[in-house]
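Readers should treat all values here as calculations from the given coordinates under stated rules, not as data from a laboratory. Owing to the predicted nature of the structure, the values given are computational and were not obtained by experimental measurement. Quick reminder, even Gly has a Cβ in these numbers, built from the backbone with ideal geometry, and neighbours come from all protein chains shown.
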Amino acid sequence: MNSTAKPPRSYWIIAVVALLWMLIGVLAWFMDLLMSEAALAQMSEAQRQLYLTRPQWIFIVYAIAIFAGLLGAIGLLVRRSWATPAFGVSLVAVVVQFAYTFWVMDAIRLLGAAQVVPFPLVIFAIGAFLLWFSRRAGQRGYLV
């Protein structure tokens, strides 16, 4: 390591929580990938319509968001500066994924804003925070 700045305990807590958050995202992505007919049958008609008409490239963008974020979290844990661009890629992918889902696929009209918007806003906020946090960590010399 070329860095002499020792990160505070809060840095390590955030890095571990980021890793856990991203691992939950990986699990959700795999559950989506392996969606069974039975699980699909339990969805509302509108949810099923969105799931079945989602273009494959959106699922790939979803993977980019998740796995770039996981890479960023790992980067924080090993104190590498590439964590910041990884979180940047993840956040851009999140924006693309949800913008397409909200407006092109019309998820807000089909399911209602109260059902569709809150969790993606949380995902965006966490992604924006992690990008900001990794930039700040780099400026403070915690990342090399």
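The combined condition, being surrounded by 13 or more Cβ atoms within 10 Å (Cβ to Cβ), closer than 23 Å to A107 by Cβ and of a type in the set (S, T, Y), is not fulfilled by Y11. Among the residues of segment 55-108, those identified as of a type in the set (A, V, I, L, M), touching a residue at least 60 places away in the same chain (Cβ under 8 Å) and touching a Leu at 6+ places or on another chain (Cβ under 7 Å) are L77, A83.
Scanning segment 116-144 for residues that are farther than 12 Å from R79 by Cα and outside any helix (DSSP H, G or I) gives a single hit, V117. Would you confirm whether or not segment 123-137 contains a residue that is more than 28 Å from T4 (Cβ to Cβ), more than 11 Å from the chain's Cα centre (by Cα) and surrounded by 13 or more Cβ atoms within 10 Å (Cβ to Cβ)? No - not one qualifying residue is present in segment 123-137.
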